[in-house]
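What follows is a set of notes on a single structure, which appears directly below.
The values are calculated or read from the model by the stated rules, or taken from the named source; none is laboratory data. The structure presented is a predicted model; accordingly, all values stated were derived computationally and were not measured. Counting neighbours? That spans all protein chains shown, and the Cβs are built from the backbone with ideal geometry, glycine included. With ligands, DNA and RNA removed, areas are computed over all heavy atoms of the protein, side chains included. Shrake-Rupley method; radii C 1.70, N 1.55, O 1.52, S 1.80 Å.
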Amino acid sequence: MNDAADWWRNAVVYEIYPRSFADSDADGVGDLNGITSRVDYLRELGIDAVWLTPFYRSPLADGGYDVEDYRSVDPLLGTLDDFDRMTAALHAAGIKVIVDVVANHSSALHPWFKQALAAAPGSPERDRYIFRDGVGPNRSEPPSDWQSEFGGPAWHPAGDGQFYLHLFAPEQPDFNWSNREVQDDFITTLRFWTERGVDGFRIDAAHTLAKDLTEPFRPWAEIDKTVPLADGSHPLWDRDEVHQIYAQWRAALATYDPPPITVAEAWVQPHRRGRYAASSSLGQAFNFDLTESDFTSRQFRDIIAHNLADADAVNSAPTWVLSNHDVVRHATRYGLPLQGSDRGGPAQRWLSSRGAEPLLDRQLGLDRARAAILLLLALPGSVYLYQGEELGLHEVVEIPDDARQDPTFLRSLGASVGRDGARVPLPWTSVGPSFGFGQSRPFLPQPAWFADASVQSQESDADSTLALYRAAIHFRRLRERMPLEWVDAADEVLEFTRGPGWRSVTNFGARPVALPSGSVVLASRAITDGMLPSNSTAWLT
Ligand code: NOJ
């Protein structure tokens, strides 16, 4: 593979949640022109690419992951011309563009779904989605007891004795991926955005498209508990046939030079991830293990070693992810006594108690977050950043329930607080109506502490988290192709070199440790007397 096609292997990719990034037209919602207005900021950060979560026309039942028109820009976010201008500005700054493909489901307002509801059972219109007859008296019971990811039944009544399947919210009906028109339409969408200049696609819920809908449907308790995503035999998740779909996509994309990259969002067992990362499938897959682990040397060491080996085994590149728009921000996870699994784990539980107990140690969380990113940026592979982490942002806990928008909050009737706390519009300035996000009240309320976390307040501070990210990303670029070698170190320490001129040392322990010889080029906490403080990373040359 030539260099141009290989750019993703060591890329630093910055995830933009467009509604929360920058608002150019004072409606409280971020937009594409807002992104264009911040290209200088992105260039200065030093990233290689941005990944934009969905900006397509959407009724917003799930933050845009309910798409009404796959080849459009939502009017709230701009126009296709705005998209072209944004892409040109990013490209001119040397930044590539990755967009999201939401292929498991559309919005219930997608014209095809409206046609399906209006058409008769058994019609070609219904065949694009997954409709089945209800059971019981008057066919009023769902076809099975399957549960949706966002809580509640996975089947929704169509109103005429049939039900449709939705793995997520009822406003997100699942496509039938055995249907030829569905297959062809997604190829058309991939071509559409490629021809508009995008450099890659992030594939949403990549493990869910293929389904085994052989009847009788097995009871949920049996499929969900006894076969937990382990071996490809779950009827809904991680089925082997899904890779046939991706082989077709990759064949279509291979007709472009260089072909756009594809990266899988697949929440699967670690040993199944390589199937998505293989070049015969999507070529790269997110590794979310660090979003579900504690800040300990043992867990980091294991995850890093496995991730490197797994990516290598399929000639892919590892991915490093600490945060995204679906998980509790890692500064907050790392500031809680127990971190562990974010999905339903301690951080979510703490948030769902509305932060009732004063458990969060913000400084500890930030120290660890800074240590973690410096460690990851020293590794080979692609690092996926989530907007605002370069400011060291914590999760926003202070969102009143009546301002929350996430369907996981709404469908659990508040039992699970959901993901809004990671999606609060960014603070660009320390003062102003929405801390420089825009000219009016943002669609999710920002907390007062955003003033000190803003870009403006960090820009002139050489010790700020923003300065650390900028310096680390720029330094990494010069040496990212050097081979990694582990160095034996104390239990609480992870140390490795990249070629002769770059050593990374992380102290996960509670006490300072002596640094090896060399000169410190960057450190996540101040070094005194050659000692690396607890919860910190230093780079040496
Ligand atoms: C994963 C996306 O990241 C998440 O935000 C969304 O709710 C689900 N897929 C459903 O599309």
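A cut-off of 5 Å between modelled amide H atoms, ignoring neighbours fewer than 5 places along the same chain, links LYS96 with ALA49, VAL50. At a probe radius of 1.4 angstrom, the accessible area of the range 483-540 per residue rounds to 48 square angstrom. Residues in the range 531-541 carry Karplus couplings, in order, of 9, 8, x, 4, 6, 8, 10, 10, 10, 10, 10 Hz; the curve used is 6.51 cos²θ - 1.76 cosθ + 1.60 with θ = phi - 60°, and Gly or Pro positions show x. Shown for the chain: the carbon plus sulfur share of the solvent-accessible area, taken with all protein chains present and a 1.4 angstrom probe, equals 52%.
Please report the base-10 log of the normalised intensity I(q)/I(0) for the range 483-540, using a Debye sum with one equal scatterer per alpha carbon and no solvent, at each q in 0.21, 0.29 (1/Å). Computed log10 I(q)/I(0) values: -0.71, -1.30. A Cβ-based charge dipole, computed about the Cα centre of the chain with Lys and Arg at +1 and Asp and Glu at -1, lands at about 720 debye. From its DSSP helices (H runs of at least four residues, each -39,500 (n - 2.57)), the chain gives a residue-normalised ellipticity at 222 nm of -8000 deg cm²/dmol. Peptide packing for 283-296, 472-485, 235-248 was compared via the average number of neighbouring C-beta atoms within 10 Å per residue; ordered from the highest value, the list is 283-296, 235-248, 472-485.
Computed from backbone phi, the HN-Hα couplings of the range 185-191 come to 5, 6, 5, 4, 5, 4, 5 Hz, rounded to whole numbers (Karplus: 6.51 cos²θ - 1.76 cosθ + 1.60, θ = phi - 60°; Gly and Pro given as x). Available extension along the chain between ALA254 and ARG354 is 31.2 nm, counting 0.36 nm per residue and deducting the alpha carbon span.
Counting 0.36 nm for each residue step from GLU398 to ASP3 and taking away their Cα separation leaves a gain of 137.6 nm. Between PHE437 and TRP428, THR429, the built amide H atoms are under 5 Å apart, and every one of these is 5 or more places off in sequence or on another chain.
Shown for the chain is the translational diffusion coefficient from the Stokes-Einstein equation, using the Kirkwood radius over Cα pairs, a temperature of 20 °C and a viscosity of 1.002 mPa s: 89 µm²/s.
Each peptide in 86-99, 398-411 gets a packing score, the mean of other Cβ atoms within 10 Å over its residues, and the list from highest to lowest is 86-99, 398-411.
Amide H contacts of HIS207: TRP267, each under 5 Å away and 5 or more positions distant or on a separate chain (H built 1.01 Å from N in the peptide plane; Pro and chain starts excluded). Rg over Rh for the range 386-516 works out to 1.10, both radii taken from alpha-carbon positions and Rh defined as the Kirkwood radius.
Using every pair of distinct Cα positions in the range 111-165, the Kirkwood expression returns a hydrodynamic radius of 11.4 angstrom.
Accessible area per residue for the range 1-147 is 36 Å², calculated with a 1.4 Å probe on protein heavy atoms, without ligands, DNA or RNA.
Each peptide in 191-199, 18-26 was scored by the mean count of other Cβ atoms within 10 Å over its residues; highest first, the order is 18-26, 191-199.
Here the Karplus relation 6.51 cos²θ - 1.76 cosθ + 1.60, evaluated at θ = phi - 60°, turns the backbone of the range 166-183 into coupling constants of 9, 6, 10, 6, x, 7, 10, x, 6, 6, 8, 7, 8, 7, 4, 4, 5, 4 Hz, with x for every Gly and Pro.
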